[in-house]
Each structure stands twice: as C-alpha cells, then as structure tokens.
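Worksheet: one structure, shown below.
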Amino acid sequence: MVMQARFGISQHGGSGKTQLMLRYAWVDRCKYPGGIYLIEADNPTRLQQSFHELAESLGVGDHIKANTTSRTIGNIIVQALMDVAGDWLLCVDNADDGDVLELLADSYLQPSRQVKGGHVIVTSRSGDAKHWADLGVQTPLILGMLPLSDAAVCLFRCATGKWRDGSAEIIQEISQMPDEEIDALFALVGPEEG
C-alpha cells in the first residue's frame, strides 16, 4: 500500500481537465484494484450526493444518517477506503465553486488525514494557490492553451468521434454535414464572444 497522494489539474473550462483525469484513470486502471471512484463536485449539493453514492458503493451507506455532518461522512468514507483491498483512485471533478472547495478541504478530504492505499485527483478552474494548499495539493498541473487549429481538431474529434489530422480536413468535413449536425457541433463551443 502507498500513502495517499493528491494531485490537482487546473485551467479554465473546456481545457481538457476532466478528459486528462479520466484518461489517466483508464490507462492506469490496473494500478487500482481497489476501485476507481468519481465524485462530481459541480456544486455543494452534487458533491454531497456524490459522497453519499460513494458511501453506498463502499457498503457504508447505512452508517450515514440524515443529520450526519459532512465531516463525519468524510471520516466514514476515509475509513471505508482504507479497508478496501488494493489501491484505489478517487477522481473529484469540477471542484470550482468556493463552497465546494471549502467542503472538500474542511470535511471530506482534509489534508491532515493520512489515508493509506490510494490517490486523489482533483480538477478545478481555480488558480488560487490557497485552494490547492487547503486540499493538500502542493502544485497543481496547469494545462496550457491549445492553438486554435489544435483546438478545432480536438473539438471535432470529441464531438463526432471522427479522426482528422488538421483543421483544413475538418472544415471540408463540416461543409458536407447537414445543418442540424453543424448546429449541434457549434452548440458544444457555446456562444461566440466578441
């Protein structure tokens, strides 16, 4: 068993934080026979719901009552994770909200807790070093920006599942798509800022 290691991935929305975390989990899944667990941290309510779901999947859901505090839930889950046979990976996605980061640091993933047997990866838009320190992450990985042509290739691949090597091929492919598919593709990008 290894001591818990905490990693952070930071950058603005849409930069690939979640994809990088999930790719790592998939590629290195054999390193985590104890399981890979996803916590959705979009807002405090979803964070709490995800930790309740994790407690259920770890078989300790019956230990959590309606009035159980987040800190107690965190303690129950940490103990359950330490009892898991084999190393585990806890993936916390979209911990952007200040309230979410505070809940994670103060209740669920207190940095002072020494948890044996697993790793934690947190994705967040937060560039605030204090948020990361509060979570026990020394230095998060900060993703760089893709050049526009590479971003177009990446978006096209994610949206269509088709592989194209360059933006010229993508433009040609898009020009042959039905209007509904083009609208759906550009809906993924969001409104144009200007």
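The values are calculated or read from the model by the stated rules, or taken from the named source; none is laboratory data. Computed from a predicted structure; not experimentally measured. Because the Cβ atoms are built from the backbone with ideal geometry, glycine has one as well, and the counts that use them run over all protein chains shown. We work out accessible area using only protein heavy atoms, side chains counted, and drop any ligands, DNA or RNA first. Shrake-Rupley method; radii C 1.70, N 1.55, O 1.52, S 1.80 Å.
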Review point. In sequence order, what are the phi-derived ³J(HN,Hα) couplings for segment 97-104 according to the Karplus relation 6.51 cos²θ - 1.76 cosθ + 1.60 with θ = phi - 60°, rounded to whole Hz, with x for glycine and proline?
Key: 5, x, 5, 5, 4, 5, 4, 4
**Study point:** Flagged links, alpha-carbon separation over 30 Å, of LYS17/LYS65; LYS17/LYS130; LYS65/LYS130
**Key:** LYS17/LYS65; LYS65/LYS130
Review point. With the Cα gyration tensor of segment 1-108 giving a ≥ b ≥ c as the square roots of its eigenvalues, does the rule (a/c under 1.5 for rounded; else a/b larger than b/c for prolate; else oblate) give rounded, prolate or oblate?
Key: oblate
Revision key, fill the gap. The correct ranking of ASP128, ASP62 by accessible area at 1.4 Å, largest first, is ASP62, ASP128
Revision key, fill the gap. Put LEU103, LEU54 in order of accessible area, largest first, probe 1.4 Å, and you get LEU103, LEU54
Practice item. Find out how many positive minus negative residues lie around ASP87, taking Lys and Arg as positive, Asp and Glu as negative, among other residues whose Cβ is under 15 Å from that of ASP87. Key: +2
Practice item. Would you mind calculating the gained length between LYS116 and ASP128 on full extension (0.36 nm times residue separation, minus the Cα-Cα distance), in nm to one decimal? Key: 1.6 nm
**Study point:** Solvent-accessible surface ranking, highest first, for LEU58, LEU38 at 1.4 angstrom
**Key:** LEU38, LEU58
Exercise for review: Lys and Arg at +1, Asp and Glu at -1: add these up for the other residues within a Cβ distance under 13 Å of HIS63 and post the number.
Suggested key: -2
Check your understanding: Counting Lys and Arg as +1 and Asp and Glu as -1, what is the net charge of the other residues whose Cβ lies under 15 Å from the Cβ of ALA105?
Key -> -3
Revision key, fill the gap. Taking placed amide H atoms and a strict 5 Å upper bound, the residues 5 or more places from PHE7 or on another chain that come that close are VAL120, ILE121, VAL122
